[in-house]
Amino acid sequence: MAKRKSAGLSGLSSAALEAELARRAKKVGGLIRKHRRALATVARLEAQIREHGGSVSGGGGRVGGVRKRPKNDKNLVEALSDLLRGKTMSVTEATAAVQRAGYKTSAANFRTIVNQTLIKSNRFRKVSRGKYTTK
């Protein structure tokens, strides 16, 4: 048997409308209880985050608050220039070597940043595909 489309609430009797309102009111009560439990869970999680030194306010939703950029004595161009003086390295080798030399970064894509720096800076010369040295 094919199901007919409902005509909405306009086709219901007063008793059926009252029953529907009661059903919805009962549902709201359950949702409010569920909401309160969720808020309590969030409060517990926020307390645990604070216990571990984190922050849940500000920082664009990032746990721990505002991100601190690592401080380096030299900028990346200077660090790479010192590293590549008299040497030829691939981007991957230069990335690892500059970090071993003490350059700090929190970038997840640091190899890409090194690659762009080597391409764009006039201090470096491309020797072959992916291999760079200083000018």
If a residue must be among the charged types (D, E, K, R) and closer than 23 Å to PRO70 by Cβ, how many such residues does the range 82-135 contain? 7
Tell me the residue from GLY60, GLY29 that is in a helix (DSSP H, G or I), farther than 30 Å from LEU118 by Cβ and at pLDDT below 75, please. GLY60
Restricting the search to the range 84-122, which residues are over 22 Å from LYS135 (Cα atoms) and charged (D, E, K, R)? ARG100, LYS104
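Residue-wise test of (1) surrounded by 10 or more Cβ atoms within 10 Å (Cβ to Cβ); (2) touching a Ser or Thr at 6+ places or on another chain (Cβ under 6 Å); (3) not charged (D, E, K, R).
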| site | (1), (2), (3) |
| --- | --- |
| LEU12 | yes, no, yes |
| LEU17 | yes, no, yes |
| ALA25 | no, no, yes |
| GLY30 | no, no, yes |
| GLU46 | yes, no, no |
One residue is enough: does the range 88-106 have a residue meeting the conditions modelled with pLDDT under 85, surrounded by 10 or more Cβ atoms within 10 Å (Cβ to Cβ) and among the small types (Gly, Ala, Ser)? no
For residues in the range 95-112 being aliphatic (A, V, I, L, M) and closer than 15 Å to LYS74 by Cβ, which is nearest to the chain's Cα centre (by Cα)? VAL98
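The values are calculated or read from the model by the stated rules, or taken from the named source; none is laboratory data. What you are looking at is a predicted structure, and each value in this text was computed from that prediction instead of being measured. Neighbour counts are summed over all protein chains in view; Cβ atoms, including those assigned to glycine, are modelled from backbone coordinates with ideal geometry.
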